[in-house]
Amino acid sequence: MLVALGLVLASASVAPASAQGTAVLPIADAKARRAVEREIASAEAKGLPTQPLVAKAMEGVAKQATGERIRVAVAEQAKRLEQARILLAPSPSVAELTSGADALAVGVPGPMLKQIRAAWPATQSVVMPLDVLTELVARNVPAKHALEQITQLMARGATPSQIASIGASVQSDVAAGLAPDAALEVRARGVMSLLPSPAAAAALAPSGRRP
Amino acid sequence: MIDERDLLIERVRTTLRGSPDAAADARAVARVLTTVWASPRPSLWRRALDAWRMPVVSGLGAAAVAGLALLAGFVTRGTVGERTPEAPLAATGPATGEFPVQYAAATTGEVAAVPTQFVFDGDAKESVALVGDFNGWRPDATPLTRLENGLWTVTAPLPPGRHVYAFMIDGTLVVADPRAPRAGDADYGREGSVVMVFAR
């Protein structure tokens, strides 16, 4: 029995204490801090990850936002996480939820998250396609055009790095003065030229791809 | 693991052993059962201790708890202890200016992290820290090192993807990276910078 209890205690010590806890939120105003903690606890009760919410609160602290503004930002982030969880069903990871919430924050329409999820096998993370979509929309590429290009690349078997390279290249092109839409068009063509033909890509597609 | 009904039966049996004249009488058994059932229930702790005293239960229970403990240990090692992309980066020591700066747990749950260098060449008296979604916006997580030429720099392993960040100057002022594209901020109205990280 002692051995068993010892094992229980030993295994419990492996887990970091309060990894997602809010106890360390350095918000000076105690009332505001409690309000933020309530928002986070409420989200946790809904089964949402608290880490992105704590990070959102910490961002507010770093940017010297008022306690009320931090509370509102955390509540908004919780809503976006909840929406992303539905759109990226059935079992999105925390990273995918965070990327989904970020996409919604920059104005990516919700149904597009669903389309991104459907374009890849359920076992494959959609963090990168979502992040690139977010970045393109943030650079004023029309969301519909960005989605088309990304899903086309996904269907052709582009790797996450290849998809990411488009986001980075368009970023540079736009900074250099190229129109966002034109930048995406030319960069997507560049990556597309490296990929196998649509027929070959279909033959090589991993099993489990959703229709 | 510990069946309450078994404990009840055990208590009835103990009670009956103490009153042999009641054993043959069904009504007496019923009375005993009723009495036992109506008597205050021992605490959970007490019941657990009682259960351990029963040889069969204690043997099975110990094995079960040991198994669960090992399982919990493996599970927590495999998932809880693993750093997710949103978890703060944990530096093994202060940045030294040598590259790449080594951090603990340089991989994420999904893809290996990519060492990414940040450079700040603005004015800072005492310190510059990298804050962003990858380190939970914690100013103590990723300090930059001042080089002899006056530049501040750090190389941090970031999970592939899009990251929003800023520099915190002297522990208070948050500024965007002038070398990187800007990232809007609808929540706080303070622009940051954005970096796309991917394995090249």
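Specify the residue that is farthest from B:Met196 (Cα to Cα); the eligible residues are those in the stretch A:152-163 that are open to solvent by 50 Å² or more (accessible area, probe 1.4 Å) and either within 12 Å of chain B (Cβ to nearest Cβ) or modelled with pLDDT under 90 (or both).
Ranking the candidates gives A:Thr159 first.
Looking at A:Ala199, A:Ala122, A:Ala176, can you tell me which residue is under 28 Å from B:Leu158 (Cα atoms), of a type in the set (A, V, I, L, M, F, W, C) and modelled with pLDDT under 90?
A:Ala122
Could you check, for the stretch A:124-137, whether at least one of its residues is of a type in the set (S, T, N, Q), in contact with a Pro (Cβ under 7 Å, 6 or more places away or on another chain) and under 29 Å from A:Glu44 (Cβ atoms)?
No - not one qualifying residue is present in the stretch A:124-137.
Tell me yes or no: at least one residue of the stretch A:118-134 is farther than 19 Å from B:Val194 by Cβ, assigned to a helix (DSSP H, G or I) and either of a type in the set (Asp, Glu) or in contact with a helix residue (DSSP H, G or I) (Cβ under 6 Å, 6 or more places away or on another chain) (or both).
yes
Quick one: which residue in A:Arg117, A:Arg139 is among the basic types (Lys, Arg), open to solvent by 30 Å² or more (accessible area, probe 1.4 Å) and either touching a Cys at 6+ places or on another chain (Cβ under 9 Å) or not assigned by TED's automatic domain parsing to the domain that holds A:Lys46 (or both)?
A:Arg139
Among (1) within 8 Å of chain B (Cβ to nearest Cβ); (2) crowded, with 18+ Cβ neighbours inside 10 Å; (3) of a type in the set (Lys, Arg), there is one condition A:Arg69 misses while meeting the rest; what is its number?
Among (1) within 8 Å of chain B (Cβ to nearest Cβ); (2) crowded, with 18+ Cβ neighbours inside 10 Å; (3) of a type in the set (Lys, Arg), A:Arg69 violates only (2).
Restricting attention to the stretch A:60-94, report how many residues are farther than 26 Å from A:Ala119 by Cα and out of contact with any Ser or Thr (no Cβ under 9 Å at 6 or more places or on another chain).
Result for the stretch A:60-94: 14.
If only one of A:Val126, A:Val74 is surrounded by 24 or more Cβ atoms within 10 Å (Cβ to Cβ) and more than 10 Å from chain B (Cβ to nearest Cβ), which one is it?
That would be A:Val126, the only listed residue that is surrounded by 24 or more Cβ atoms within 10 Å (Cβ to Cβ) and more than 10 Å from chain B (Cβ to nearest Cβ).
On the basis of being part of a helix (DSSP H, G or I), buried (at least 23 other Cβ atoms within 10 Å of the Cβ) and over 16 Å from the mean Cα position of the chain (by Cα), does A:Ile166 make the cut?
yes
Say whether the condition of being within 14 Å of another protein chain (Cβ to nearest Cβ), within 26 Å of the chain's Cα centre (by Cα) and modelled with pLDDT of 95 or more is met by at least one residue in the stretch B:151-158.
Looking through the stretch B:151-158, at least one residue is within 14 Å of another protein chain (Cβ to nearest Cβ), within 26 Å of the chain's Cα centre (by Cα) and modelled with pLDDT of 95 or more.
The values are calculated or read from the model by the stated rules, or taken from the named source; none is laboratory data. Please read all numbers here as calculations on a predicted model, not as lab measurements. With ideal geometry, Cβ positions are generated from the backbone for all residues, glycine too; neighbour counts draw on all protein chains shown. Just so you know, the surface numbers come from the protein's heavy atoms only, side chains and all, with ligands and any DNA or RNA stripped out. Shrake-Rupley method; radii C 1.70, N 1.55, O 1.52, S 1.80 Å.
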